[in-house]
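First up is the structure itself, then whatever we jot down about it.
What follows is calculated from the coordinates using simple rules that are stated; it is not laboratory data. Bear in mind the structure is a predicted one, so any value in this text is a computation, not a measurement.
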Amino acid sequence: MYVPHAIIFASKQNGKKKSVNQENKIVGIGYNCMPNGCDGQLPWTRSADDRLDTKYPYVCHAELNAIMNKNSADVKGCTMYVTLFPCNECAKLIIQAGISKVIYLDDKYHDTQETKASRRLLDTAGIPYDLIFDSINPSGMRNNAAAERDEEAEED
């Protein structure tokens, strides 16, 4: 069973009213998987002596699948919810698809070159991104990325 790692929501606006109501609808769901026709034929392991013997060069990320599996004409102006902060390749897809905002659950690869490039791409394109727990966390529970970001802010 695959668990969705990326969901795209569209805000639908009713132009008949002066005060705009927003109805959030899911327009795409994605998960990490192999390209069509390749499942079971390529490695799914996380580590090996040769990178080509791991899943990383082959896997389609959840963001790609959510955009490709959309159930609307386009995803322009939508918000994408993802488990992990997008890599640089997914950031390019997000920008090209017209996604207007990214909400993520964890940024465990914060210091990798790919994630640094991703933040630079999203910042340059003017696409905001936010940690989900920053806005909906009444319990005070923090994930690692949020705790590290708070610690960095305190040091400044």
- [ ] Determine ³J(HN,Hα), in whole Hz, for all residues of the range 79-94 in sequence, where each value follows from phi through the Karplus function 6.51 cos²θ - 1.76 cosθ + 1.60 and θ = phi - 60°; x replaces Gly and Pro.
- [x] 9, 10, 9, 10, 5, 10, 3, x, 6, 5, 5, 6, 4, 4, 5, 4
Task: Nonlocal amide H pairs with residue 75, under 5 Å, H built at 1.01 Å - done: none
- [ ] Would you mind checking which residues have amide H under 5 Å from residue 104's amide H? H placed 1.01 Å from N; only 5 or more apart, or other chain.
- [x] 82, 130, 131, 132
Task: Out-of-range pairs (alpha-carbon distance over 19 Å; input 70/108; 25/116; 76/101; 76/108; 55/92) - done: 70/108; 25/116; 76/108; 55/92
